[in-house]
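Everything below concerns the one structure shown next.
What follows is calculated from the coordinates using simple rules that are stated; it is not laboratory data. Remember, predicted model here, so these are calculated numbers, not experimental data. Heads up, the Cβs are rebuilt from the backbone with ideal geometry, glycines too, and the neighbour counts pull from every protein chain shown.
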Amino acid sequence: MKNIIPITVIFFTIVLFNGCKKDEGVTTPTTGGQSFTCKVDGTDWSANAPGTPVVAGYVSNNLTIAASAVIGTTGEQFTFMLTNVTDVGTVNLGSAVGGSYASFTRTVGTTSTTFMTDATNKGTVQITKLDKTAKNVVGTFSFTAKSSVGSTLVNVTNGAFNVKY
């Protein structure tokens, strides 16, 4: 049941980006020249998935960023849902219920494990640039997230992104 939220978010993001017209104020995500890097439990991580390593959207002051990588036979994805982003500043990450949050999903074969920020396991995203004309957002992030099964934690540090939306 706990895996439903990230899967729903990913599905909603894809539907939102592909189902809206440009004149409705929603832009189609792009991937060229984008970057998303961090350390996951001390190991370097960089978006590298073939085709769409990073996608972002900014609608009604809500920013969504998804970044994915393929590492050997393992697929991994970060998803950020940031609410009320109107300018540069700090966004606090916590529970997916009514607020900004981050998730990290690791899939090995057919087994997926999702880690999410919550009321206890938190983090921050520091928006350092929000250029609404160029449709570009730059920032840094760090967070701790808990597994959807069990009590395993993942620690994400030294995060940085530069994405177009």
### Query
Can you work out ³J(HN,Hα) from phi for every residue in the stretch 63-70, in order, using Karplus 6.51 cos²θ - 1.76 cosθ + 1.60 and θ = phi - 60°, giving whole Hz and x for Gly and Pro?
10, 10, 10, 10, 9, 9, 8, 10
### Task
Return the distance in nm (one decimal) between the two label points of a simple spin-label model at ALA119 and THR73, each offset 7 Å from Cα along Cα→Cβ.
4.0
### Query
Full extension from THR152 to THR107: what is 0.36 nm times the residue separation minus their Cα-Cα distance, to one decimal in nm?
14.7 nm
